[in-house]
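The values are calculated or read from the model by the stated rules, or taken from the named source; none is laboratory data. Treat the numbers as computed from the prediction; the structure is a model and nothing was measured. Please note: Cβ atoms are built from the backbone with ideal geometry, for glycine as well, and neighbour counts cover all protein chains shown. SASA here: full protein model, heavy atoms, side chains in, ligands and nucleic acids out. Shrake-Rupley method; radii C 1.70, N 1.55, O 1.52, S 1.80 Å.
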Amino acid sequence: MAAPGEADRKPAQAEGADAVAGGIADAVDGLADLWTTAATEASVRLSPHQLRALHALETTPGANLTMLAERLEAGLPTVSRLCDRLEAAGLLLREAAAHNRREIQLRLTAHGRDVLAEVAELRSRALTEIVRGMEPDDRAALERGLRAFVEAQRRRPSAEGG
């Protein structure tokens, strides 16, 4: 028997752009699961936060703790502990900055770069396996749709520029 008022409620049916956006959100969730799985299957098991930190340092070599905390949208003590664990695992180095010996720069080690490359390879293999399981017409449609999505995103005014 339905709870009081339940019979009066109808499930919200998304239509048009809302339905497509919902489908994209579902696909992004699926991709996030692939990313997480790849990170946990690598030779060095990484949490999502550790992986984000390594990626941030890959794109911003020499960042300091403050810059990394801003990129990760996390507090300095949290990021400092995260870096402690990454340093203990041999994935990053803390070095005094050349321009200011009191500032500490963060750099990936060769091992850290290797682990990131391994995670990227695991992700690529998982995506390839999924795409291979799709019908050729669906693959072509997905590719066209993704290109159109990226182009629409490029044309969208930025939040700052309005």
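Restricting to segment 105-129, count the residues that are open to solvent by 70 Å² or more (accessible area, probe 1.4 Å) and touching a residue at least 12 places away in the same chain (Cβ under 8 Å).
The number of residues fulfilling the criteria is 3.
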Item checked: Count of segment 119-138 residues which are under 15 Å from the mean Cα position of the chain (by Cα) and hydroxyl-bearing (Ser, Thr, Tyr) -> 1
Notebook entry, point to check: Within segment 57-90, which residues are assigned to a helix (DSSP H, G or I) and buried (at least 17 other Cβ atoms within 10 Å of the Cβ)?
Noted result: Leu57, Leu65, Leu68, Ala69, Arg71, Val79, Leu82, Cys83, Leu86
Check: In segment 33-52, what count of residues is obtained for those that are of a type in the set (D, E, K, R) and either over 21 Å from Ala88 (Cα atoms) or not in a helix (DSSP H, G or I) (or both)?
Finding: 2
Margin query: Among (1) open to solvent by 50 Å² or more (accessible area, probe 1.4 Å); (2) of a type in the set (A, V, I, L, M); (3) without any contact (Cβ under 8 Å) to a residue 24 or more places away in the chain, there is one condition Ala96 misses while meeting the rest; what is its number?
Written below: (1)
